[in-house]
Structure formats: structure tokens, C-alpha cells
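These notes concern the structure reproduced below.
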Amino acid sequence: MQVAELARALEAELRGDPDVEITGVAGIEEAGPGEITFVANPKYAAQAKTTRAGAILVTPDFPEVPAVTLRLKNPYLAFARAVDIFYQPPAWPAGVHPTAVIHKSAKVGANPRIAAYAVIAENVVIGNDATILPHVVIYPGVQIGDRFFAHAHAVVRENCRLGDDVVLQNGAVVGSDGFGFAKDEHGRWHKIPQSGPTILGDRVEVQTNACIDRASVGATRIGDGVKVDNLVQVGHGSSVGENTLLCAQVGLAGSTHVGKSVILAGQVGVAGHCNIGDNVIAIAQAGLHGDIPSGSMLAGSPAFDHKQWLRATALFSRLPELLRQFQRKPKREE
């Protein structure tokens, strides 16, 4: 593909030779003459002068460099679109594999791709253009919208509801039992039935081995556009607002309510019955408790304001020195 054609597809301003041939994408350090790369982080700006890439995606005000540049507001997003143009995912065969088990009461929409040993139980409803790969299990009473994509070994438990364009990566479990037990007078734990479904909105992606529990009563709700990373745990009865990111190993205890456009970085833990406002950012390994106002940026465990945390951690490394200085000070004579 000539770079001029790619620029038109990405709606970018082209500067440089329009006839450069682009055959793929790569990072700025590895890219060769036939590949396109990007610069979204200023710390890589110097490498743009020496990269071997045939073209670079940059912001409109980026300095001139020897390589061809495609200029637009969001180079990172454009790079994702370029990957989509050049990467060809596996083509799954249309139809239903003879080893798949589909209950006669289930309703599957037009153009399905259902692979070997998938199981679709009674009274399931699935929309059009579904792709269901080997060993996926859909429990009874599940309702799923159009363009569902479930990778091998994903599971959707009974009576859960999923919107359009939902993606489940390998081993994702939607609607597993919440962790609910009550202790009797003899100290024995009795399981609390988890009767409420998990409800996923449109364009939700749940990645490998993440678990979104069902609720004891009510429902666990995941809003439109939410992305759930590998090994995330969403506790029963929780809710997550639109376009929120839950990064790797995040854990939400039961009845946690997370607002819209929140980013919880890797290994963030949230205590139960917390309300987290919109646009909150929590740095990796933060421990959140209590209600968090919208727009907050937090770090540490227990978490507090990120700027204050930076000052505190800078001071922490100096504590031995400060202690020695304190110990050397002469005592005042009384």
C-alpha cells in the first residue's frame, strides 16, 4: 500500500514522498523502510530522527524529520487503525461444527461461526454474526446481542445478559458465583445463593481469565465500552460505568460502584461498598477505600492524593538520613 493511500484511510496530512510503499507496522526502534510507526510519547521524539521506518504517525505540530510523516491529532489511535488495516486475523469457518451442542430451544441469529465442542444450553438467545470458538459454554437463559466473539474456554453463566459487540477472551467467566457466605452459631460457613445475573453493555471486552461475578440479589452491571484486563476480579453486585478501564489484576470487592471513564491501573484493590466518581485515576497497586470524588488521582495503599504521594515517597527514601541528622542535634540545656 502506498503511504498516500494509507494517509487517506487514516485521514492524516501527508508530508513527504507519497509513493513510499508500506507493508506493515512496527515499533519505532524495530521498524524498517517498508513499515509505519508512531510517536505519541515525547520521550521517543529524538528516535524519530534516526528511525529506519518508512513513515511515522505524529501530531500536527511535530518537528520535521527525514522520514515521511502522517500528521493527525491522535497518532496512537491512528496506529491502532493501521494495525487493523495490515493484520489479518484467522478466518473462522462459517456454520456450526458437527461436534457443537446446541439445545433445540436456543435461538442463534444469522451467519454464526460456532466451532468444535461449543455448548449452548436451553433458552439461550444469541444475535447475528456470532463467533463462538472451541469449548465455549453458554449456560441456560443467557441473552447475547449481535457480533458476539467468544474465544476458547470462555463461559457465560445462567441468565446473564450481554449487549452488542462483546468480546470474551480465553478463559473469561461472566456470571460466576459471588463470594457470599454466612456463618452459623457453630462457626460453619453457609453459601448464600447468587441469584442475580451479570449484565454487560455494548462494546465490552473481558480479557483472559478475568471473572465478573453474579450478584446475590439484584445484578452486577458493566457499562458500555468498559475494558476488563487479564485476571481482573469484579465482585458481586458491583457496577462499572461507561468507558472505564480495569487493568491487570484489579480487584473490586462486592458492591463497589465505579463511575464513568475511570482508570484503575494494575493491581489496584478497592474495598467493598465504595463509590468511585467519574474520571478517577488510581496508580498501580493503590488501595482504595471509602468514597472517592470525581476527578481524583490517587496512589499508595491506603490511597491518597497522587501529588502528595509523590512528595511523600521522595521523602521516604531520605528518612534514614533525616533520622541521623535529628539524632546528632544537641539537646537543649534546661
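The values are calculated or read from the model by the stated rules, or taken from the named source; none is laboratory data. Treat the numbers as computed from the prediction; the structure is a model and nothing was measured. Ideal geometry is used to build each Cβ from the backbone, glycine not excepted, and the neighbour counts take in all protein chains shown.
Applying the selection to the range 47-78, what residues are closer than 9 Å to THR37 by Cβ and part of a strand (DSSP E or B)?
If the condition is that a residue be closer than 9 Å to THR37 by Cβ and part of a strand (DSSP E or B), then ALA55, ILE56, LEU57 are the ones that fit.
If ARG324 passes every condition in (1) closer than 26 Å to VAL234 by Cβ; (2) out of contact with any strand residue (DSSP E or B) (no Cβ under 7 Å at 6 or more places or on another chain); (3) surrounded by fewer than 17 Cβ atoms within 10 Å (Cβ to Cβ); (4) not β-branched (Val, Ile, Thr) but one, which one does it miss?
Going through (1) closer than 26 Å to VAL234 by Cβ; (2) out of contact with any strand residue (DSSP E or B) (no Cβ under 7 Å at 6 or more places or on another chain); (3) surrounded by fewer than 17 Cβ atoms within 10 Å (Cβ to Cβ); (4) not β-branched (Val, Ile, Thr) one by one, ARG324 breaks only (1).
Take the conditions farther than 25 Å from ARG214 by Cα, in a loop (DSSP other than H, G, I, E, B) and free of Cβ contacts under 8 Å to residues at least 40 places away in the same chain and apply them to ASN111. Does it pass?
It is true that ASN111 is farther than 25 Å from ARG214 by Cα, in a loop (DSSP other than H, G, I, E, B) and free of Cβ contacts under 8 Å to residues at least 40 places away in the same chain.
Using the structure shown, decide if GLY218 is in contact (Cβ under 8 Å) with a residue 24 or more places away in the chain and closer than 18 Å to PHE179 by Cβ.
no
List the pairs whose first member sits in the range 128-143 and is within 17 Å of THR99 (Cα to Cα) and buried (at least 18 other Cβ atoms within 10 Å of the Cβ), whose second member is modelled with pLDDT under 95 and not small (Gly, Ala, Ser), and whose Cβ atoms are under 6 Å apart, counting only residues at least 6 apart or on separate chains?
So the pair list comes out as THR131/TRP92.
Kindly indicate which of GLY290, GLY272 is out of contact with any Gly (no Cβ under 8 Å at 6 or more places or on another chain), under 26 Å from SER216 (Cα atoms), at pLDDT below 95 and not polar (S, T, N, Q).
Of the residues listed, the single one that is out of contact with any Gly (no Cβ under 8 Å at 6 or more places or on another chain), under 26 Å from SER216 (Cα atoms), at pLDDT below 95 and not polar (S, T, N, Q) is GLY290.
Could you list, in sequence order, the residues of the range 226-242 that are surrounded by 19 or more Cβ atoms within 10 Å (Cβ to Cβ) and not in a strand (DSSP E or B)?
VAL226, ASP229, VAL232, GLY235, HIS236, GLY237, SER238, GLY241, listed by residue number.
Could you tell me whether GLY287 is surrounded by 15 or more Cβ atoms within 10 Å (Cβ to Cβ), touching a residue at least 40 places away in the same chain (Cβ under 8 Å) and more than 24 Å from ASP202 (Cβ to Cβ)?
Judged against the criteria, GLY287 is not a match.
Rundown of residues vs (1) touching an Asp or Glu at 6+ places or on another chain (Cβ under 8 Å); (2) in contact (Cβ under 8 Å) with a residue 12 or more places away in the chain; (3) more than 24 Å from ARG8 (Cβ to Cβ), yes/no style:
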residue: PRO66; (1), (2), (3): no, yes, no
residue: ARG71; (1), (2), (3): yes, yes, no
residue: ALA78; (1), (2), (3): no, yes, no
residue: PHE86; (1), (2), (3): no, yes, no
residue: HIS97; (1), (2), (3): no, yes, yes
residue: ALA100; (1), (2), (3): no, yes, yes
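Go through the range 17-46 and report how many residues are in contact with a Leu (Cβ under 9 Å, 6 or more places away or on another chain), at pLDDT 95 or above and assigned to a loop (DSSP other than H, G, I, E, B).
Summing the residues that are in contact with a Leu (Cβ under 9 Å, 6 or more places away or on another chain), at pLDDT 95 or above and assigned to a loop (DSSP other than H, G, I, E, B) in the range 17-46 gives 1.
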